[in-house]
Amino acid sequence: QVQLVESGGGLVQAGGSLRLSCAASISTFSAYAMGWYRQAPGKQRELVAVISSGGSTNYADSVKGRFTISRDNVQNTVYLQMNSLKPGDTAVYYCNAKWRSLNRWGQGTQVTVSS
């Protein structure tokens with residue numbers, strides 16, 4: 001049973017920073033591609049950043065240069081460091097784990113950026 005638990009969300013002023021964490025209960029965590037997605041009210045869920053099992057990363061254009069995804073294969077945790085936050089980054093952020101046909105989501109954590 002794969003479980004993903006996000007933490008680190010909250011309220012921050014524009015220009016501030018937050019670090020999201022996603023703890024995964026996966027025995028083969030290092031084999032999974034991990035990602036962060038977000039969903040703002042009235043909008044579809046969108047990709048924010050992904051990191052492959054080999055450590056390659058990919059980012060949405062809107063967060064390039066501001067957000068950094070990383071993973072710790074000992075702690076079975078994936079992180080999203082978010083700097084220079086903007087009101088447009090306000091959303092529920094979801095952790096995602098993918099391996100072959102397996103695709104799992106966390107419960108989400110709210111990030112609110114005030115202007």
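For region 36-89, residues that are under 11 Å from the mean Cα position of the chain (by Cα), open to solvent by 40 Å² or more (accessible area, probe 1.4 Å) and under 18 Å from SER7 (Cβ atoms) total 5. Considering only residues in region 5-23 that are under 12 Å from the mean Cα position of the chain (by Cα) and either in a loop (DSSP other than H, G, I, E, B) or of a type in the set (A, V, I, L, M) (or both), the one that is surrounded by the fewest Cβ atoms within 10 Å (Cβ to Cβ) turns out to be VAL5.
TRP105 satisfies every condition listed in (1) within 14 Å of SER7 (Cα to Cα); (2) in contact with an Asp or Glu (Cβ under 9 Å, 6 or more places away or on another chain) except (2). For residues that are touching a helix residue (DSSP H, G or I) at 6+ places or on another chain (Cβ under 9 Å) and open to solvent by 40 Å² or more (accessible area, probe 1.4 Å), tally how many sit in region 101-111. Adding up the residues that qualify gives 0. Tallying residues that are open to solvent by less than 10 Å² (accessible area, probe 1.4 Å) and under 27 Å from GLN13 (Cα atoms) within region 90-100 yields 4. Residue check: is TYR32 closer than 18 Å to GLN3 by Cβ and of a type outside the set (Val, Ile, Thr)? Against the criterion (closer than 18 Å to GLN3 by Cβ and of a type outside the set (Val, Ile, Thr)), TYR32 qualifies. Among the residues of region 24-64, those identified as in contact (Cβ under 8 Å) with a residue 24 or more places away in the chain, touching a Lys or Arg at 6+ places or on another chain (Cβ under 8 Å) and in a loop (DSSP other than H, G, I, E, B) are TYR32, ARG45.
The values are calculated or read from the model by the stated rules, or taken from the named source; none is laboratory data. As the structure is a prediction and not an experimental result, all values here were calculated from the model. For neighbour counting, all protein chains shown are included, and Cβ atoms are generated from backbone atoms with ideal geometry for every residue, glycine included. Surface areas here come from the heavy atoms of the whole protein model, side chains and all, with no ligands, DNA or RNA. Shrake-Rupley method; radii C 1.70, N 1.55, O 1.52, S 1.80 Å.
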